[in-house]
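One structure is given below, encoded as structure tokens.
Any read-out appearing in this document is the output of simple, stated calculations on the displayed coordinates, not a laboratory observation. If you're wondering where the values come from, they're calculated on a predicted model, not measured in any experiment. All Cβ positions, even for glycine, are placed from backbone atoms using ideal geometry, and neighbour counts span all protein chains on display.
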Amino acid sequence: MNRKAVHRAWEDVAETYAQRRDPNGSDADLVVDLQSMVDEDATILDVGCGDGARTLDNLSESSINIGLDVARQNLELARDIVPQARLLQAEMTELPIASDSVDAITAYHAVFHVPRSNHPDVFDEFTRVLRPGGTLLMTLPGGRYETVRRGWMGGEMLFSTPGRDQTLTYLQDAGFDNIRTRQVTDPLGSSAEFVFADLVKWNWNSALRRKSTSRNKIF
């Protein structure tokens, strides 16, 4: 599936996915843990926010909360659940957000819907928009695969990952350290591994990326 097909697929399954995912659970509790790691008025970006029920809705209203999703239908659902959040339609490989402007990023069950060959680009974008010392919270893949699951949520969807170890290597290459993982329940009733990772305060490669990368910035 190319990126346009993935976009259309999310538009098709957005409501079904929102209905089937439990808004509670130990993975949702990780958002609360993340909030305790940043200042009260921090800027937090939720990448692949969906309807926001497990992520944005658990963040304090004292922080600046931004939800980003490729599907307009997901953002329409999020607007009802988290009307106080700032919502953006965009792809995670090209975040319309200024460099060094975000204190934390969440990416729940999101990155593996991007072709695995583009995952380093995603992590470079996370590095670019995070302030040095900022924290990433994201789902880790359980295996290495690239497939289109037909019948998923009544539609079809791309799942693509280079595997757990390669993902952790990509994060380190992008400038993250202090990596720690947690095993939790996921939205559909099974389990998943999540990772917290901090952006190093100074990284020459990431500094070059910040200097050379330009975007049409919204925030």
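What shape does the chain take by its C-alpha gyration tensor, where a ≥ b ≥ c are the square roots of the eigenvalues and a/c under 1.5 counts as rounded, a/b above b/c as prolate, and the rest as oblate?
rounded
So in the stretch 3-212, what percent of DSSP beta bridges are antiparallel if you round to the nearest 5?
55
Pull out the extension gain between Arg182 and Arg86, defined as 0.36 nm times the separation in residues minus the alpha carbon to alpha carbon distance; nm, one decimal.
Full extension from Arg182 to Arg86 adds 31.8 nm.
With 10 angstrom as the radius, rank Val184, Val38 by how many other C-beta atoms surround their C-beta, starting from the fewest.
If I rank by nearby Cβ atoms, fewest first, I get Val184, Val38.
Please state the shape class of the stretch 73-159: rounded when a/c is under 1.5, otherwise prolate if a/b exceeds b/c and oblate if not, all from the C-alpha gyration tensor.
oblate
Counting helices only, and only those DSSP H runs with n ≥ 4, report the 222 nm mean residue ellipticity of the chain as the sum of -39,500 (n - 2.57) divided by its residues, in deg cm²/dmol to the nearest 500.
-10000 deg cm²/dmol
Mind telling me which of Pro162, Pro132, Pro83 comes out most flexible in a GNM of the chain, alpha-carbon contacts under 10 Å?
Looking only at Pro162, Pro132, Pro83, the biggest GNM fluctuation is shown by Pro83.
How high is the relative contact order of the stretch 43-189, in percent, with contacts defined as C-alpha pairs under 8 Å that are six or more residues apart?
20 percent.
Spin-label point model (7 Å from Cα, Cβ direction): what's the Lys201 to Arg20 distance in nm?
Using points 7 Å along Cα→Cβ, the separation is 4.6 nm.
Could you give the size of the charge dipole of the stretch 3-212 about its Cα centre, using +1 on the Cβ of each K and R and -1 on the Cβ of each D and E, expressed in debye and rounded to the nearest 20?
About 660 debye.
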